[in-house]
Amino acid sequence: MRHGICLSPAGQHGDARTLGEFAELAEASGWDGVFLEDYVIFQGKLGTPTYDPWIALAAMALKTEHIRLGTAVTPLARRRPWKVALESVTLDHLSDGRLILGVGLGEHNDASFVRFGEMADDKQRAGILDEALEVLAGLWTGQPFSYDGKHFQIDGVPFSPTPVQKPRIPIWVGGGWPLKGPTRRALRWDGSFMYMHDYGGPWRDWTPDDVRSLKVLVDEDRSASDPFDIVVGGRPRDDDWEKDRALIGSLAEAGATWYVEYEPPNELEVIRERIERGPLRIS
């Protein structure tokens, strides 16, 4: 089991310089990955200071040496995929091959979409996302790439440089488990970054049975030599650390490969203390 922490590029301490320092502290404190949320408006709260996660990731790459870095998640439906391809390759080179690209639809009625007149319909966004992923993978090959889709057209572009990571930068797909669309999409790529989907209900943790159900689909769909990450977690750490440690252990035994804690915007010293305490390792 690897352990990540997800931070927000919003609030008083969401700027690139501070996030670079947080990433350096996370690496020194034993975390395996640091991930940033990706939005224009933080949780629909207009006026909240919000910074660009991609620029912050560059600062984080320069302040660290081995920890994995990524987004959790980038809503590709509001991004030009060739721009994301360029940004991600640049970060992959800057970090010496440590980038993981988390992608998703974005939240329903997300202010980062609707306040700017972006596509809000989930089905249409799903179509854009699927095409954008094909474009990313095609451009990253470095071979002349053409694409004629409903949403994107590309005419014989050879993309250079290619990613440091081979065959390409890993893609983790977010969305609600066990919804069919996000699940099928995740299985086509390199990992699941999904949350438990309860149709507007309260937060629910993954259970070992949930992980085993997803693992069955992974094993049916992919060969043993084709790695796939099952990423779980997604909430702040509980006050009862041993309870959470037991949960993490049961999820690892069921087949999960990463557990990610979420740390929302907070006072500077609070965030530092929660990073510095390190992950809840299991035996």
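A few comments on the model shown:
- Residue that is farther than 21 Å from Tyr195 by Cβ, β-branched (Val, Ile, Thr) and out of contact with any helix residue (DSSP H, G or I) (no Cβ under 6 Å at 6 or more places or on another chain), where the choices are Thr64, Thr90: Thr90
- Within region 7-66, tally of residues that are of a type outside the set (S, T, N, Q), more than 19 Å from the chain's Cα centre (by Cα) and closer than 19 Å to Arg78 by Cβ: 3
- Among residues of region 104-128 that are without any contact (Cβ under 8 Å) to a residue 24 or more places away in the chain, those with a beta-carbon under 8 Å from a residue that is among the polar types (S, T, N, Q) at least six positions away or on a different chain give the pairs Ala120/Asn109.
- Hey, Asp96 farther than 30 Å from Glu24 by Cα, under 22 Å from the mean Cα position of the chain (by Cα) and of a type outside the set (Phe, Trp, Tyr) or not: no
- Glu107 in contact with a helix residue (DSSP H, G or I) (Cβ under 7 Å, 6 or more places away or on another chain) and acidic (Asp, Glu): no
- Residue match in region 131-145 (condition: among the acidic types (Asp, Glu), surrounded by 13 or more Cβ atoms within 10 Å (Cβ to Cβ) and more than 19 Å from Asp229 (Cα to Cα)): yes
- Filtering Ser225, Ser283 for residues that are under 16 Å from Trp189 (Cα atoms) and either in contact with a strand residue (DSSP E or B) (Cβ under 8 Å, 6 or more places away or on another chain) or not acidic (Asp, Glu) (or both) leaves a single hit, Ser225.
- Selection of region 38-55 for residues being under 22 Å from Val173 (Cβ atoms) and hydrophobic (A, V, I, L, M, F, W, C) yields Val40, Trp54.
- All of (1) in contact (Cβ under 8 Å) with a residue 60 or more places away in the chain; (2) part of a loop (DSSP other than H, G, I, E, B) hold for Lys166 with one exception: (1).
- Looking only at region 225-283, residues that are of a type in the set (Gly, Ala, Ser) and touching a Cys at 6+ places or on another chain (Cβ under 8 Å) come to 1 in all.
- Scope region 190-223; condition of a type in the set (Phe, Trp, Tyr), touching a residue at least 12 places away in the same chain (Cβ under 8 Å) and more than 15 Å from Leu105 (Cα to Cα); matching residues: Trp203, Trp206
- In the set (1) surrounded by fewer than 21 Cβ atoms within 10 Å (Cβ to Cβ); (2) in contact with a Phe, Trp or Tyr (Cβ under 7 Å, 6 or more places away or on another chain); (3) farther than 30 Å from Ser283 by Cβ, Val73 fails one condition alone, (1).
- The listed residue being surrounded by fewer than 15 Cβ atoms within 10 Å (Cβ to Cβ), at positive phi and more than 19 Å from the chain's Cα centre (by Cα), out of Gly149, Gly117: Gly117
- Being at pLDDT 95 or above and surrounded by fewer than 16 Cβ atoms within 10 Å (Cβ to Cβ) holds for only one residue in Gly20, Gly30, Gly14, Gly47, and it is Gly30.
The values are calculated or read from the model by the stated rules, or taken from the named source; none is laboratory data. Since the model is a prediction, treat every value here as computed from it, not as a measurement. When we count neighbours, we look across all protein chains shown, and the Cβ atoms used for this are built from the backbone with ideal geometry, even at glycine.
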